[in-house]
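Colleague: Below: one structure in structure tokens.
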Amino acid sequence: MSKQTRRDRIFELIKNAKKVTSEELSKCFGVTEETIRKDLQYLSDKGLIIRTFGGAAIKEYGGERPLNQRMIQNYSEKKKIAAEAASLIHSGNLIVMDAGSTITLLAQYIEQNSDVVVITNSLETTNFLAKSEGITVICAGGKLRVKSMSFQGAQTENAIRSYNVQKAFISCAAVDLKRGIMDTNEGEVRVKNCMIEEADEVYLLADSSKINSIAHVTTCDLSKITAIVTDDGIDNDTVKEYERAGVKMIIAK
């Protein structure tokens, strides 16, 4: 079997199964996992699949799932990222957080009695931090979007603009070197852009399945981001590619 034939068949298998592991593919095609990783990287570079920890999944273009479904996808990776991002938050910081699933997990790792002020458009984050000691939470209210459990609209955007934010923690549906940070909803994108504009430092929390993927709407280019915080499932060559382009990568172990 030629290399290209194998890669074509791997793509068809992933398309049908939605998600596979490198080990499964190695056994199926009788080649080493290292060979499979190269095949998967080739398919990822072509924009056909997304790399996941230990394998690959079919790329979904722009589809958005409700927050409770997104919370359980790549949950362990998101917890690592959230814990790593929390180390960037220091006592007395004024931060802003959007309503992404990884950002919602970040709220659980903010140290209590740290005098941190959190501005957020997330109903879930607001409810969680309301029970925390020594953390001030400011809800940037507006029209509630039930699918993401987030507030958006002019009222939300104006509330964010009224503060001098030190650090922004934002999420995305996809990120790509050429297309930048992408999302699935224009209202969410406008809120995120307000957060980016008002913050001195901007941290993008994105699990490795979102790297080199595509979604409907571009939020901003990567030059506006201080760093990307992702998990160690990301391919080393991809990390080097982003770093060569001037993007700081923080890998959560």
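Colleague: Let me check against my output: what whole-number percent is the relative contact order of segment 128-253, with C-alpha pairs under 8 Å and at least 6 apart?
Modeller: 21 percent
Colleague: Next up: Ranked from highest to lowest mean number of other Cβ atoms within 10 Å per residue, what is the order of the peptides 170-177, 38-45, 216-223?
Modeller: Working: 170-177: 23.9, 38-45: 18.5, 216-223: 16.9.
Output ranking for 170-177, 38-45, 216-223: 170-177, 38-45, 216-223.
Colleague: Ignoring ligands, DNA and RNA, please state the percent of accessible area on the chain from carbon and sulfur, probe 1.4 Å.
Modeller: Accessible surface attributable to carbon and sulfur in the chain totals 46 percent.
Colleague: Compute the distance from the alpha-carbon center of segment 20-42 to that of segment 235-253, in whole Å.
Modeller: Using only Cα atoms, the two centres lie 23 Å from each other.
Colleague: Would you work out the relative contact order for the chain, in percent, from Cα pairs under 8 angstrom that are 6 or more residues apart?
Modeller: 17 percent
Colleague: Nearest 5 percent is fine: what portion of the DSSP beta bridges confined to the chain is antiparallel?
Modeller: Percent antiparallel among DSSP bridges in the chain is about 40.
Colleague: Accessible area per residue of the chain at 1.4 Å probe, in Å²?
Modeller: With all protein chains present, the chain gives 47 Å² per residue.
The values are calculated or read from the model by the stated rules, or taken from the named source; none is laboratory data. Note that the coordinates shown come from a computational prediction; the quantities given were computed from them, not determined experimentally. Counting neighbours? That spans all protein chains shown, and the Cβs are built from the backbone with ideal geometry, glycine included. SASA here: full protein model, heavy atoms, side chains in, ligands and nucleic acids out. Shrake-Rupley method; radii C 1.70, N 1.55, O 1.52, S 1.80 Å.
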